[in-house]
Amino acid sequence: MQGQSQQQAYDRGITIFSPDGRLYQVEYAREAVKRGSASIGVRTTDGVVLVADKRISSPLLEGSSVEKLHKADDHIGIASAGHVADARQLIDYARRQAQINQLRYGEPISVETLTKAVTDNIQQYTQVGGARPFGVALIIGGIDDSGRPRLFETDPSGTPYEWKALAVGADRSAIEDYLKEHYREEMDLDSGVGLALNALASVSDDGLRSDGLGIATIDAETEQYDEFDEEKIASYLEEHDLLADEEQ
């Protein structure tokens, strides 16, 4: 009985480590991320590409109401996987930090600084009683003041990672296997979009629909976040022969 009660304490309490050094609630938060639809980030020589699968569950649902891509600042975009409501809270926090930096220092916040501010906030929810970890992972991409594209991931534990290309959410391993095989550092933005779409299509049996995707780029030259409309997404899918049969 005592062993069972201890196990339940490790299972329920975010502030209690298990004997093997694990925080079960953080691991459960990672499982919530795995159940979310996939998002992909690709860093190219010309900028950063973000692609998100919106997973439209009903033909009655307005695709534009599913929020998976977000503008954090003019030069920074964020894609999410996991609980959308948790993502919105973190993205609002990121936007506030970007504005505070602009007002305090008179310059745009760097991608790395913003990522670490967000992950510091996430980490606090892994050691405070009465709260739970955020059940979401973010891909934060943008252009630094030197004009260099940067791409980061935030983990529910509060750890930041920098990547050349990555996926979060459902089918992460399969998508990243595709990215490992086909990623080239010298790619331009168009090639990066094509790579991300083909990686997402590699785990889809039915092709991709323009109303079920979100695509955004942050160009290194203009340092501007640009989210594609449905018509532009459809043209990319058609170019790469990835359109779902019913949409064709």
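The values are calculated or read from the model by the stated rules, or taken from the named source; none is laboratory data. The structure displayed is predicted, hence computed values, not measured ones. A quick note on method: Cβ atoms are made from the backbone with ideal geometry, for glycine too, and the neighbour counts reach across all protein chains shown. What goes into the accessible areas is simple: the full protein's heavy atoms, side chains included, and nothing from ligands, DNA or RNA. Shrake-Rupley method; radii C 1.70, N 1.55, O 1.52, S 1.80 Å.
Taking helices (runs of 4 or more DSSP H) that fall entirely within segment 160-248, which contain at least 1 residues that are under 14 Å from L50 (Cα atoms) and open to solvent by 70 Å² or more (accessible area, probe 1.4 Å)?
Of the helices (runs of 4 or more DSSP H) lying wholly inside segment 160-248, those with at least 1 residues that are under 14 Å from L50 (Cα atoms) and open to solvent by 70 Å² or more (accessible area, probe 1.4 Å) span 189-201.
If a residue has to be more than 17 Å from S57 (Cβ to Cβ) and not hydroxyl-bearing (S, T, Y) to count, how many in segment 208-224 make the cut?
The total comes to 8.
Would you please list the contacts, defined by Cβ atoms under 8 Å and residues six or more apart or on different chains, that run from a residue in segment 28-52 that is closer than 22 Å to I76 by Cβ to a residue that is acidic (D, E) and open to solvent by less than 20 Å² (accessible area, probe 1.4 Å)?
G41/E153
Being in contact (Cβ under 8 Å) with a residue 24 or more places away in the chain and not in a strand (DSSP E or B) is the filter here; which residues of segment 129-153 pass it?
Passing the criteria: G129, A131, R132, P133, F134, G135, D144, D145, G147, R148.
Being under 30 Å from K180 (Cα atoms), open to solvent by 40 Å² or more (accessible area, probe 1.4 Å) and either over 18 Å from the mean Cα position of the chain (by Cα) or not basic (K, R) (or both) narrows it down to one residue among I91, I40, I56, I76; which is it?
It is I56.
So which of A137, A131 ends up being under 21 Å from V33 (Cα atoms), open to solvent by less than 60 Å² (accessible area, probe 1.4 Å), of a type in the set (G, A, S) and in contact with an Asp or Glu (Cβ under 7 Å, 6 or more places away or on another chain)?
The unique qualifying residue is A137.
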